[in-house]
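Report on one structure; see the data block that follows.
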Amino acid sequence: MAPKEQLITARERIGDIAPKLAEITDDILFGDIWERPGLSKRDRSLAVVAALVALNRTEQLGWHLERALINGVTKDELVETITHLAFYSGWPTAMSALRLAREAFAESD
């Protein structure tokens with residue numbers, strides 16, 4: 001089964017408490033930056049996942065793993081990226097990322 005096509009927007013997640021941050025997240029980050037032609041959404045997703053893994057930003061990583069699957073990054077590519085990053089960002093960051101990847105993969109099935 002294909003991954004779900006709709007992710008929760010910032011307005012839905014935080015709009016009640018931080019409406020301006022939600023607005024600029026949805027409109028500028030995802031409405032403008034993610035739509036620029038210099039990188040495909042697939043490549044942007046892979047770059048963001050790599051950055052979040054390396055920085056151990058697990059709060060946002062799960063959502064971006066789901067987005068990466070929607071944008072055409074394969075499960076194998078995500079696992080390989082996380083495995084590769086273990087040698088650059090550390091074993092604990094990779095292990096935490098793989099736990100979240102497993103959850104994202106289960107959601108997509």
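The values are calculated or read from the model by the stated rules, or taken from the named source; none is laboratory data. Remember, predicted model here, so these are calculated numbers, not experimental data. Because the Cβ atoms are built from the backbone with ideal geometry, glycine has one as well, and the counts that use them run over all protein chains shown.
The residue that is nearest to SER108 (Cα to Cα), among those in the stretch 47-71 that are in contact (Cβ under 8 Å) with a residue 12 or more places away in the chain and out of contact with any Leu (no Cβ under 8 Å at 6 or more places or on another chain), is ASN71. A Cβ distance below 9 Å, combined with a sequence gap of six or more or placement on separate chains, defines the contacts here; from the stretch 72-97, residues that are more than 23 Å from SER108 (Cβ to Cβ) reach no residue that is at pLDDT below 95 and buried (at least 17 other Cβ atoms within 10 Å of the Cβ).
Which ones in the stretch 50-109 are exposed (fewer than 13 other Cβ atoms within 10 Å of the Cβ), part of a loop (DSSP other than H, G, I, E, B) and among the aliphatic types (A, V, I, L, M)? Correct list: LEU55 only. Of everything in the stretch 25-66, what is in contact with a helix residue (DSSP H, G or I) (Cβ under 8 Å, 6 or more places away or on another chain), within 17 Å of ILE14 (Cβ to Cβ) and small (Gly, Ala, Ser)? Give them in sequence order. Selection gives GLY62 alone.
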